[in-house]
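Before any comments, here is the structure.
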Amino acid sequence: MFEAAKLGASPEQFANLEAAIGYIAGTATHAGEVRPWVRNVDTKVFLIIGGRVQPQSGVRQ
């Protein structure tokens, strides 16, 4: 399960990573803002923060 949020909206949950990424695709980013973001609900690991993919150094997605 994945959760994603974009500017001006509450987080939404998605069954897979592709759907979560699709939800935030094309969303504008702003300096100092953490949205859009995507996280794995099971591991609580953020995969995308501020529209940028985060390094995962050995963390299973």
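Read the figures in this text as sums done on the coordinates, not as results from a lab. Note that the structure is predicted; figures quoted are calculated from it, not measured. Note: ideal-geometry Cβ built from the backbone for every residue, glycine included; neighbour counts use all protein chains shown.
The table below gives the values:
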quantity: 13 Å beta-carbon shell around residue 21, net charge (K/R +1, D/E -1); calculated: 0
quantity: Ascending count of other beta-carbon atoms within 10 Å, so fewest first, for 47, 17; calculated: 17, 47
quantity: Within-13-Å neighbourhood charge of residue 36 [Cβ basis; K, R +1; D, E -1]; calculated: +1
quantity: Measure of compaction for the chain (Cα Rg per 2.2 N^0.38 Å); calculated: 1.03
quantity: Residue 42-residue 27 pseudo-label distance in nm [points 7 Å out on the Cα-to-Cβ vector]; calculated: 2.2
quantity: Cβ-based net charge around residue 11, under 11 Å, with every Lys or Arg adding one and every Asp or Glu removing one; calculated: +1
quantity: Which of 35, 52 has the fewest Cβ neighbours within 10 Å, and the rest in rising order; calculated: 52, 35
